[in-house]
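These notes are about the structure you will find just below.
The values are calculated or read from the model by the stated rules, or taken from the named source; none is laboratory data. Because the structure is predicted, anything quoted here is derived from the model rather than measured. Virtual Cβ from ideal backbone geometry, glycine too; neighbours counted across all protein chains shown.
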Ligand SMILES: *Cc1c(COP(=O)(O)O)cnc(C)c1O
């Protein structure tokens, strides 16, 4: 872009991700007042399109938190876990661990049910834990970005609901890249964000809230302010945010959500993500010594995690990152903490291929060719 002092890099990391030129340009559209009628011209369609992408049941509510996906996740803990109650976090990687950490930091009673990285939540193990511990709230990750594992949200929510607990789901890195499981699962809170499969800059945490969750929040004390889902609802009714939003992102989101829903279409968008996942999987299968980290059946449509060849270190992966930077790409050399843990356990580190948002199969094909060459060195 004209006058930018920064290099153009195509982001193949796991978010933020590539942004289309049309979306970039909408960042230069007029500024507006967030309590003025101009605001609703942007945000009424934004709220409507989010509901369409979510396949949202009519009695659910949508909230735009200022911040990012984490803000919505923390709000759900502050607003939906009452004093003395237990929240169980069933986790399969770093982002599940992060949500657990938020609950601990907020002084909640927690149980951390952790599964091996690369695997998914075992419904039978979850069922046994719920029977024994009777948590009021259970948090799961739809798409674990650190390991490239997508969980079966409806199946896990069936288990959670059978025990009468509220189900919270982190869908940050998959919303907009695969069908949203809210209606099918009946989950009570679904968190996502703008900078992953929606193909926008970061700046809003998006929360979808069930009627049961709204009712529950009324009985929870100490919900905070920015983390109080009830305090957001009144503003959301008027297609507003609790405080001043990022106006440029509002303009861009208006354009991008219209594009997703009306131009590309949801079915085509989801099919494109599956096609890119299949391309990444084939690429890895053909790469001698490298292995897919997630099991078949739970491989994410938005991010593929790859176990490096024997003898390759996390430091080697960081060198690959620099080699690809020289070719105009930003490569993801793996989630740092996970790679530290894997290497400490004598296991091979991983890297990730982000294929979310508006990346096209053609772009991915070119990238994989360069990546193959960089890995072969
Ligand atoms: C990126 C990510 C988050 C954190 O979201 P932010 O928008 O960076 O706050 C949480 N969960 C998952 C699965 C993610 O991929």
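Things to note:
- Contact map, the range 342-365: residues that are over 23 Å from residue 276 (Cβ atoms) paired with residues that are part of a strand (DSSP E or B), Cβ distance under 7 Å, separation 6+ or inter-chain. Pairs shown: 342/350; 348/307.
- The range 54-72: number of residues that are assigned to a helix (DSSP H, G or I) and either free of Cβ contacts under 8 Å to residues at least 60 places away in the same chain or more than 16 Å from the ligand (Cβ to nearest atom) (or both): 1
Here's the yes/no breakdown for (1) within 23 Å of residue 42 (Cα to Cα); (2) modelled with pLDDT of 95 or more; (3) not in a loop (DSSP other than H, G, I, E, B):
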{"residue": "213", "(1), (2), (3)": "no, yes, yes"}
{"residue": "216", "(1), (2), (3)": "no, yes, yes"}
{"residue": "219", "(1), (2), (3)": "no, yes, no"}
{"residue": "223", "(1), (2), (3)": "no, yes, no"}
{"residue": "245", "(1), (2), (3)": "yes, yes, no"}
{"residue": "250", "(1), (2), (3)": "yes, yes, yes"}
{"residue": "258", "(1), (2), (3)": "yes, yes, yes"}
{"residue": "271", "(1), (2), (3)": "no, yes, yes"}
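- From the list 47, 43, 12, the lone residue that is in contact with a strand residue (DSSP E or B) (Cβ under 6 Å, 6 or more places away or on another chain), modelled with pLDDT of 95 or more and more than 29 Å from residue 336 (Cβ to Cβ) is 47.
- Any chance residue 27 is within 26 Å of residue 269 (Cα to Cα) and under 19 Å from the mean Cα position of the chain (by Cα): no
- Residue count, the range 127-141 (criterion: assigned to a loop (DSSP other than H, G, I, E, B) and without any contact (Cβ under 8 Å) to a residue 40 or more places away in the chain): 0
- Identification of helices (runs of 4 or more DSSP H) wholly contained in the range 282-377 with 2 or more residues that are farther than 24 Å from residue 18 by Cα and in contact with a helix residue (DSSP H, G or I) (Cβ under 7 Å, 6 or more places away or on another chain) yields 336-344.
- Only listed residue being in contact with a helix residue (DSSP H, G or I) (Cβ under 6 Å, 6 or more places away or on another chain) and within 26 Å of residue 338 (Cβ to Cβ), chosen from 139, 217: 139
- Selection of the range 73-120 for residues being more than 15 Å from the ligand (Cβ to nearest atom), in a loop (DSSP other than H, G, I, E, B) and either touching a strand residue (DSSP E or B) at 6+ places or on another chain (Cβ under 6 Å) or not assigned by TED's automatic domain parsing to the domain that holds residue 232 (or both) yields 81, 108.
- The listed residue being more than 16 Å from the ligand (Cβ to nearest atom), touching a residue at least 24 places away in the same chain (Cβ under 8 Å) and surrounded by fewer than 12 Cβ atoms within 10 Å (Cβ to Cβ), out of 44, 31, 22: 31
- Residue match in the range 288-308 (condition: touching a residue at least 60 places away in the same chain (Cβ under 8 Å), over 14 Å from residue 149 (Cα atoms) and surrounded by fewer than 17 Cβ atoms within 10 Å (Cβ to Cβ)): no
- Filter result for residue 367 (in the same structural domain as residue 277 (by TED's automatic domain parsing) and modelled with pLDDT under 95): no
- Within the range 178-197, the set of residues being touching a strand residue (DSSP E or B) at 6+ places or on another chain (Cβ under 8 Å) and more than 11 Å from the ligand (Cβ to nearest atom) comprises 178, 180, 181, 182, 185, 186, 187, 188, 189, 190.
- Subset of the range 153-177 (residues that are away from the ligand (no atom under 16 Å from the Cβ) and in contact (Cβ under 8 Å) with a residue 40 or more places away in the chain): 165, 166
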